[in-house]
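Bear in mind these aren't lab numbers, they're just calculated from the coordinates by the rules spelled out. This structure is a prediction, so every number in the text was calculated from the model and none was measured. Here the Cβ positions follow ideal geometry from the backbone for every residue, glycine too, while neighbour counts run over all protein chains shown.
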Amino acid sequence: MGEKFPASALRVRRVYEAPEPADGARVLVDRLWPRGLSKADAQLSEWCKDVAPSAELRRWFHHEEPRFAEFAERYREELAREAVQPALEELRERAAQGPLTLLTATKDVSVSHVNVLIEVLREGG
């Protein structure tokens with residue numbers, strides 16, 4: 001299990017927002033590359049597709065707020081899979097080393113997979 005990290009070590013931002021020094025490591029956690037954004041403009045430390053929701057789950061959810069609770073439950077099940085554990089551990093280690101900003105292209109971050117991902121990272125596996 002990875003080192004513990006302060007809650008302030010993790011933050012969420014839209015990938016389209018200009019990078020800030022406080023971002024620390026910038027990791028895109030979407031399965032698809034954001035439309036209209038060049039890799040240079042994104043200024044990523046990493047693109048971690050392995051922790052993104054499956055294509056099937058993403059299509060089912062379709063960012064419909066009434067489905068968020070069930071989406072979160074299903075996504076947690078995906079994140080509990082053994083194949084995802086190395087990617088989660090790497091993100092925990094990055095957060096333990098300093099600020100980690102998880103990036104998404106999602107328009108409404110409040111009903112996004114990133115919030116569930118942060119909860120799982122903080123729980124420590």
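Ranking of Trp47, Trp60 by neighbouring Cβ atoms within 10 Å, starting from the fewest: Trp60, Trp47. In this simple spin-label approximation, Val109 and His63 carry label points 7 Å from Cα along the Cα→Cβ vector, and these lie 1.4 nm apart. Please work out the Cα center distance from segment 13-43 to segment 47-76, rounded to the nearest Å. Cα centres, segment 13-43 to segment 47-76: 20 Å. Taking 1.567 mPa s as the viscosity and 4 °C as the temperature, the Stokes-Einstein diffusion coefficient of segment 7-123 based on its alpha-carbon Kirkwood radius rounds to 90 µm²/s. Based on DSSP H segments of at least four residues, each scored -39500 (n - 2.57), the chain has a per-residue ellipticity at 222 nm of -11000 deg cm²/dmol. Highest mean packing first, where packing is the average number of other Cβ atoms within 10 Å per residue, the peptides 83-89, 73-79, 109-115 line up as 109-115, 73-79, 83-89.
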